[in-house]
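The structure appears below as structure tokens.
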Amino acid sequence: MITWLTVAPLDTVMVRDGRPFDAGGVANGVAPPPNTLGGVARAALGHDVERILGPLVVRGEAMAFPVPADLVADDGSIRRLELVERQPTARSDLDAQYRLTHRLHGEGEPLDEWLTATGMRRWLDAEDDLAPGQRIERRWTHDEPPWSPEARLGLARHQDGDLAKTSMPGMLYAMTQLRPRDDVRFVIGCVTDDPVEIRHDLVPFGGRGRLAEVSRWDGFDRVPQPPVDFPGGRVAVYLVTPALLADTFWRPPGAELCAVASTGPRPVASAQPGADFHRTRLLAWTVPAGSVFYLRFDDEPTLAAFVRDHHGDLLPHGSTQRIRTAGFGTCLMGRW
């Protein structure tokens, strides 16, 4: 069963990507990754959760989605790149290991925008102005991002000893924090065998001394539904959240990988506080949210089972490592 929780920040959110920075440097804040929300779920429920979906971003009562990587800014408008089948004589430096059958065609720059829930449904269905190769109307994107950056100055302090809570010499630094809009919440799905109960509705979130309010959302409409059919066995797998993958050119069993749209890797850090900090800390690269894997299935039952099992859920990875079940690789299935 899935219990959906909303997480409403009560202050700015201060989450770094985990890479170290020197005194006098600038630490850039990032959108809270799945493992951060996994810690929120543990604090609110009082125990670990077998699997977590999301986080999804909700504005008011509707979801917002990171713009898919195949949507680009082109001459003041938005265009969805077209997939073109590669000619047999075409060569690529990836061919020795990956022979991708298609390439993305078109010009434009990456977009740092968000699709509305309606726009996401139309993208999944590849309908009309959201079909590959078409220009996109601005009505399918939000007018402003879910959060705005705020520059802050910080001063590191001694943690213990006679100098506890006093400043450390030379440790003045700058930090970019994110201030969510008033109507923005994060939504996570807790997948458990038994019902769960919120034990603490105010939990730490997004930096020392910062809190978020956690509540159930029993009326939550999970995610946009997948298309009713996939002509030619073609499935576009869209990442709602970053994915921890052993290979960027990922494909599930029974499918051919035809092309990939991505804006490049993003780092993510994780660790458990306390005595287990050094044993559990992790710094890894992820495939970013908004990336798209273009697959082709030859077998209809295999395609149907894949969409049924993983739309709105996590990418298949076969790993029991806890961080990999904490929302990384939450995905949706569309056409191409």
(request) Go through (1) surrounded by 13 or more Cβ atoms within 10 Å (Cβ to Cβ); (2) over 23 Å from residue 251 (Cα atoms) one by one and return the number of the condition residue 107 breaks. (result) (1)
(message) Pairs needed: first member in the stretch 305-316, within 19 Å of residue 229 (Cα to Cα) and without any contact (Cβ under 8 Å) to a residue 60 or more places away in the chain; second member anywhere, outside any loop (DSSP other than H, G, I, E, B) and of a type in the set (D, E, K, R); C-beta distance under 8 Å; at least 6 residues apart or different chains.
(response) none
(message) Of everything in the stretch 125-181, what is touching a Pro at 6+ places or on another chain (Cβ under 9 Å) and under 26 Å from residue 83 (Cα atoms)? Give them in sequence order.
(response) 125, 126
(message) Tell me yes or no: at least one residue of the stretch 90-110 is under 30 Å from residue 207 (Cβ atoms) and without any contact (Cβ under 8 Å) to a residue 60 or more places away in the chain.
(response) no
(request) Could you grab me the full set of residues in the stretch 203-256 that are of a type in the set (S, T, N, Q) and in contact with a strand residue (DSSP E or B) (Cβ under 7 Å, 6 or more places away or on another chain)? (result) 215, 241, 248
(message) From the list 125, 93, 70, 75, exactly one residue is among the acidic types (Asp, Glu), within 30 Å of residue 138 (Cβ to Cβ) and open to solvent by 60 Å² or more (accessible area, probe 1.4 Å). Which is it?
(response) 75
(request) Being open to solvent by 10 Å² or more (accessible area, probe 1.4 Å) and modelled with pLDDT of 95 or more is the filter here, so list the residues in the stretch 311-334 that pass it. (result) 311
(message) Out of everything in the stretch 49-67 that is closer than 30 Å to residue 197 by Cβ and touching a Gly at 6+ places or on another chain (Cβ under 6 Å), what residue ends up being surrounded by the most Cβ atoms within 10 Å (Cβ to Cβ)?
(response) 52
(message) Within the stretch 131-249, considering only strands (runs of 3 or more DSSP E) that don't extend past its boundaries, which have at least 2 residues that are in contact (Cβ under 8 Å) with a residue 40 or more places away in the chain, open to solvent by less than 50 Å² (accessible area, probe 1.4 Å) and not acidic (Asp, Glu)?
(response) 147-157, 167-180, 184-191, 211-216, 234-239
(request) Report yes if some residue within the stretch 256-263 is more than 18 Å from residue 101 (Cα to Cα) and modelled with pLDDT under 95; otherwise report no. (result) yes
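The values are calculated or read from the model by the stated rules, or taken from the named source; none is laboratory data. Nothing here was measured: the structure is a model prediction, and the numbers come from that model. Every residue, glycine among them, receives a Cβ derived from its backbone with ideal geometry; neighbour counts consider all protein chains shown. Ligands, DNA and RNA are stripped out before the accessible areas are found, and what is left, the full protein with its side chains, is counted by its heavy atoms. Shrake-Rupley method; radii C 1.70, N 1.55, O 1.52, S 1.80 Å.
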